[in-house]
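The next block holds one structure in the form of structure tokens; read it before the comments.
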Amino acid sequence: MNREVTAIYVLWLREMKRFFRAKSRVVGTLGMPLFFMAFLGFGFRTSTVPGIPEGIDYITYLVPGIVGMTLLFSSTFAGISVLWDREFGFLKEIMVAPVSRISIVLGRTAGGATTSLLQGVLILLLSGLMGFSYPGFFAFLAAALFMLLISTTFISMGLIFASNMKDIHGFTLVMNFVVFPIFFLSGALFPVENLPLWVQPLSYADPLTYGVDGLRGVLTGVSSFPLMTDAVILTGFFLLLLALGAWSFERSEST
């Protein structure tokens with residue numbers, strides 16, 4: 001048991017050291033969400049977007065979506081580290097260690113989730129510069145819980161893709177075709193109800209829809225679904241994708 005916990009901790013610590021040593025990576029991952037928030041926020045600040053409740057300005061509506069976007073991109077692309085580790089041989093070293101594959105998956109997921117959570121919190125704090133009102137302490141804790149669920153869900157999804165691909169460039173290309181639709185279908189930028197009726201079922205099958213809706217509920221008090229519904233559905237997606245990610249990872253490294 002102690003050996004498994006140590007393996008999870010070591011892999012988590014490795015991700016932390018890599019994150020804090022790569023200053024350009026931190027700046028780069030924050031750049032796009034800040035541009036989205038600044039240009040969309042200022043551009044539509046005085047506009048009336050159908051479906052947004054009265055009394056909620058667009059900046060307030062947008063910020064939870066941008067936090068969700070930050071978590072989606074950083075978490076999904078955390079899966080690419082599997083390909084880098086395979087390329088440079090580190091993956092072979094940890095695979096021969098006397099620990100279970102699930103401990104390796106949990107260690108990588110914990111490391112990626114922590115770095116994604118830090119980025120999401122930074123975006124949330126910086127949103128105050130654009131006039132976003134910070135929630136109370138307990139609302140912030142609830143938001144952190146939703147952020148953690150979003151991160152772990154999409155790290156697991158990235159792990160599934162990375163475990164079934166061999167080429168780093170191919171992974172980036174495929175992920176762009178997957179990540180952007182997930183983002184635009186989630187209601188991060190506008191209410192899902194504004195989409196055509198035939199598109200809405202795709203939104204309701206998107207895990208990020210419930211993550212963004214839950215974040216919006218705890219941060220602004222406005223959500224399409226009850227918070228418990230968002231949390232339960234998102235947890236279900238997380239458990240399903242974690243199981244598939246662990247299975248894909250073990251299968252890919254045993255072949």
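Quick one: if you take sqrt(5λ) for each eigenvalue of the C-alpha gyration tensor of region 1-154, what semi-axes come out, biggest first, whole angstrom?
Semi-axis lengths for region 1-154 are 36, 16, 12 Å.
Output the 0 to 90 degree angle, nearest 10, between the alpha-carbon long axis of helix 207-220 and the longest principal axis computed from the alpha carbons of the chain.
50 degrees
Magnitude of the Cβ-charge dipole of the chain, K/R +1 and D/E -1, about the Cα centre, nearest 20 debye?
780 debye
Please give the charge dipole size of region 1-141, origin at the Cα centre, charges +1 on K and R Cβ atoms and -1 on D and E Cβ atoms. Round to the nearest 20 debye.
My answer is approximately 540 debye.
Which of the peptides 212-220, 64-72 is most tightly packed, and how do the rest follow, going by the mean number of other Cβ atoms within 10 Å of each residue?
Ranked by mean Cβ neighbours within 10 Å, highest first: 64-72, 212-220.
With unit charges on the beta carbons (Lys and Arg positive, Asp and Glu negative) and the dipole taken about the Cα centre of the chain, which residue among ALA110, LEU40, SER224 sits farthest to the positive side?
Checked the options; the winner is ALA110.
What number comes out for the charge environment of THR153, summing +1 per Lys or Arg and -1 per Asp or Glu over other residues with Cβ under 15 Å away?
Taking every other residue near THR153 into account, the sum is -2.
Work out the length of the dipole vector of region 77-183 about its Cα centre, built from +1 on the beta-carbon of each Lys and Arg and -1 on the beta-carbon of each Asp and Glu, and round it to the nearest 20 debye.
140 debye
Under 16 Å between alpha carbons, and skipping anything fewer than 8 positions from LYS166 in its own chain: which lysines qualify?
Cα-Cα hits under 16 Å: LYS92.
Run the accessible area of the chain with a 1.4 Å probe and give the carbon-and-sulfur part as a rounded percent.
Whole-percent figure for carbon plus sulfur exposure: 72.
Where in region 178-255 are there chymotrypsin sites (Phe, Trp or Tyr not before Pro) that are in a DSSP coil and have at most 14 other Cβ atoms within 10 angstrom of their Cβ?
Passing both the DSSP loop test and the Cβ count: TRP198.
Could you point to the residue in PHE238, VAL82, LEU159 farthest towards the positive end of the chain's charge dipole, with +1 and -1 charges on the Cβ of Lys/Arg and Asp/Glu respectively?
VAL82
The values are calculated or read from the model by the stated rules, or taken from the named source; none is laboratory data. All figures in this text were calculated on a predicted structure; none of them were measured in a lab. Backbone-built Cβ (ideal geometry, glycine too); neighbour counts: all protein chains shown. The area values use the complete protein model at the heavy-atom level, side chains included, leaving out ligands, DNA and RNA. Shrake-Rupley method; radii C 1.70, N 1.55, O 1.52, S 1.80 Å.
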